[in-house]
Amino acid sequence: MVQGIELLHAVLGSTSVYLQLLRFFVVFFIGIAVTRFVLMPMVRRIAVRRGTEKKTRHSVENFVGVIGFFFALTAALQAGNFGGLVTLIGTVAAAATIAIGWGMRDQIGSLVSGVFLHISPSFVNGDYISVGDVNGTIRDTNMIETRMRGPHGRNMIVPNSYLTTRPLVNHTRGTKTQDSITVKLRPEKLDDGVTVLMDLAAAEEEILDVPKPRVTHAEIDGNAVTTDIVYYIEDGQDARQIKTRFIRTFAREAVEQDLLAEPDADEDTESGPA
């Protein structure tokens, strides 16, 4: 029995190790609780107020959770006086960071850029931007990448690091207002309709040349192709008057060239008397 107790003391050392373990677990669970029930909900509420999309909110919450876990573990090791383990974990973490950072430096750069874009956004969904040789309308932004609709309706995925390391011009914010017109064109007259829309936009003095008006096709519905033309005007101008004039001019051209699709014939018919 005495030998067993001596063996136990040899393995565990003094009884102070129990106090160390107690301090470790208390501080660790407090840190996890603060992260889980204070920091992550706070970040979630901020993201909701800013109108951040659900996928992006989850990415930010997970990022905060990982950081909180790391700091909780470090604080717990310090509270338990496990200095050797703190040094060991720090060394391993540093080595892992270097290895991961070297292999995933582009992804990490995009992640850091995503954090900055959400903290201090240069654009919001629907803005038309130009960055380097990339230009288009913002669809959504997560922690790694930004999805855009480029010229001719092309879908583009751009790393966030690309958007934060080059000069960015936001054509929607500032002194410009975006507007659009939607028409339904005959499929066989699609090219002619696009040409007329672009020519009329170029002829309108109030419609800006930069950013250039763009035409996109949304869907095909029966014998009609839904087509949008997006253009920009200076702030303070009468957007409704400009749109009305544009529509009237296009309507005349569309009738002369037979550009518009025929309305659906599937209309409700009046039933006879019972």
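Restrict the check to the range 214-233 and report whether at least one residue is closer than 19 Å to Thr137 by Cα, of a type in the set (D, E, K, R) and crowded, with 16+ Cβ neighbours inside 10 Å. Within the range 214-233, one or more residues are closer than 19 Å to Thr137 by Cα, of a type in the set (D, E, K, R) and crowded, with 16+ Cβ neighbours inside 10 Å. If you check Ile89, Ile129 for being in a helix (DSSP H, G or I) and either modelled with pLDDT under 75 or β-branched (Val, Ile, Thr) (or both), only one passes: Ile89. Please state which of the following conditions Thr244 fails to meet, knowing it meets all the rest: (1) touching a Pro at 6+ places or on another chain (Cβ under 9 Å); (2) without any contact (Cβ under 8 Å) to a residue 24 or more places away in the chain. Condition not satisfied by Thr244: (1).
Of all residues assigned to the range 207-216, none qualifies as being within 18 Å of Val124 (Cβ to Cβ), of a type in the set (S, T, N, Q) and in contact with a strand residue (DSSP E or B) (Cβ under 6 Å, 6 or more places away or on another chain). Taking the conditions exactly as written (modelled with pLDDT of 65 or more and over 30 Å from Leu21 (Cα atoms)), does Val66 satisfy them or not? No. Being free of Cβ contacts under 8 Å to residues at least 24 places away in the same chain and closer than 12 Å to Val183 by Cβ: is that true of Ala251 here? So Ala251 passes the test. From the list Glu234, Glu204, which one is within 30 Å of Met148 (Cβ to Cβ), under 37 Å from the mean Cα position of the chain (by Cα) and modelled with pLDDT under 85? Among Glu234, Glu204, only Glu234 is within 30 Å of Met148 (Cβ to Cβ), under 37 Å from the mean Cα position of the chain (by Cα) and modelled with pLDDT under 85.
Selection of strands (runs of 3 or more DSSP E) fully inside the range 166-237 by the criterion of at least 1 residues being closer than 17 Å to Arg248 by Cβ returns 176-185, 224-234. The number of residues in the range 238-248 that are in a helix (DSSP H, G or I) and within 26 Å of Asn170 (Cα to Cα) comes to 6.
The values are calculated or read from the model by the stated rules, or taken from the named source; none is laboratory data. Computed from a predicted structure; not experimentally measured. Virtual Cβ from ideal backbone geometry, glycine too; neighbours counted across all protein chains shown.
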